[in-house]
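Written out below as structure tokens is the structure these notes cover.
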Amino acid sequence: MILVPLCSCIYLAVGSVRYSAGRSRMVGVMNLNGNTAKNTYSLPLKKQFDLFAMEDEGEPGREKLENQFREMSGPGELVTMELREYQVHYPDSSCLTRPEVLQEKIKDYMKGKTAILFAKDMKPLRRGSQTGSLSSALPTPISGNATVSPGEGELPEKPENLIHMEERSISSMISPTILTKINAMGSAGEALSGVSESYETLSRQGKTLSSSISQVLKNSGKNVELAEYLTHMFSCYTTDATQKTLKGRDMSSRRMYRGEWEYLLYGHDSKRANVIAAATEILAIRTFLNSLKSTTSPETEAVAAADPVAGGVVAVAQIVAESLEDLRTLLSGGTVEANPTGENIRMSYQDYLRAFLLLRTSTGQSSNAILLRAAKLMQISCSEEFPTFDITKCRSQVKISAAVTILGHPLRREEVYSV
């Protein structure tokens, strides 16, 4: 009579131990499978942009994981697990074409790098922003009805004429199927438009941009990872052919070389249109800054003494001509004074675009649009070396769920693995 309950207790204890061992074994097998999935990362993305992301290999890859699970979960010395169900899922919410996912990957990658790069890149901009003159009042040396060219009201030479770049559709560089999937997983946003070419509009736009940049630079210690990553992984119109990415990759061989920063900022479908948009915004700032000097030549003063309206037109023509010359210098890789009325600090075309990126990545809507465009640039660059590359298959998470039977008891478990 005493042995019966004793044996029952021993039997239950052994069964409990075996069941616990089975559960531990299941967890171990799933972790091994999860590590296998994590090691199936996207080689093109790693080689080009130094980002880790698991690559969804579709049905063959999932079948491989299931077979691995089945082999490791078969008969054991202590307990047998019978596989009833196995599923592998790469969530769309973890796709790198999702702006929030790509931003998080970039933020993780830039840890330890941002402070050094930012201190080097932003030194002249941060010094220039401390003078306060960028946000000062805009002088109005002309009457409101005066125009640059009597009867026309346009600049003597348009920024378009300063840029010689082939017309090429950016969207045509991406497979239509992949492009559709990328757009479906993100928000394209609206391309930021350029400014009109009247003096007053240029001045107002330049004042607004200058003031906004000044405010951002004063608080530039936060959220700069994205701007720093983009400026060091992509190229702009004046990027030197010898410049390398943070990964040490050559930029000049890319199909979007010398137009990538501009595409990130403006999103037009051709390199030329994006460079023109950047040049127009810089021209607006230069017009505003040059008007702050409010200097006129003796010839202009003589004309103004005889006819104030005509003198105002001549003064504006001088300011615009000087601004256009500044723009030519910047597009040629030179530098111009960042603050004509303050410290002797000079900025290049890249400095201006870096400031634009810093400004626009500091706001949610603009930042999301820029991140989606970055994903498209990654697709274009990676597909040059790896034609089958598909960024919509690059995920930061994989979910593995399995159902087994241990000692006649069903057991289901789900694990989520992230990189």
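Some notes on this structure:
- Each part gets one Cα centre, and for region 261-295 versus region 345-416 those centres are 29 Å apart.
- Förster-model FRET efficiency, 35 Å R0, Arg413 and Asp108, C-beta, rounded to 0.05: 0.80
- Potential extension, Ala115-Glu167 segment - 0.36 nm per residue separation minus Cα distance: 15.0 nm
- Förster-model FRET efficiency, 25 Å R0, Ala21 and Glu59, C-beta, rounded to 0.05: 0.15
- Cross-link pairs Lys105/Lys399; Lys64/Lys105; Lys271/Lys393 - those with Cα-Cα distance over 25 Å: Lys64/Lys105; Lys271/Lys393
- Mean-position separation - Cα centroids, region 19-58 and region 85-102, in angstrom: 13 Å
- Label-to-label distance, nm, for residues given as Glu384 and Phe52 (7 Å Cα→Cβ offset): 2.7 nm
- Over all other residues within a Cβ to Cβ distance under 10 Å of Met81, the charged ones net out to +3, with Lys and Arg as +1 and Asp and Glu as -1.
- Using a simple spin-label model with pseudo-atoms 7 Å out from Cα toward Cβ, Arg70 and Asn183 lie 4.1 nm apart.
- In the context of the full set of protein chains, region 17-121 has a per residue accessible area of 52 Å² (1.4 Å probe).
The values are calculated or read from the model by the stated rules, or taken from the named source; none is laboratory data. Predicted model, so just to flag it, every value in this text is computed and none were measured. Please note: Cβ atoms are built from the backbone with ideal geometry, for glycine as well, and neighbour counts cover all protein chains shown. Accessible surface is based on the protein model in full, side chains and every heavy atom, while ligands, DNA and RNA are left aside. Shrake-Rupley method; radii C 1.70, N 1.55, O 1.52, S 1.80 Å.
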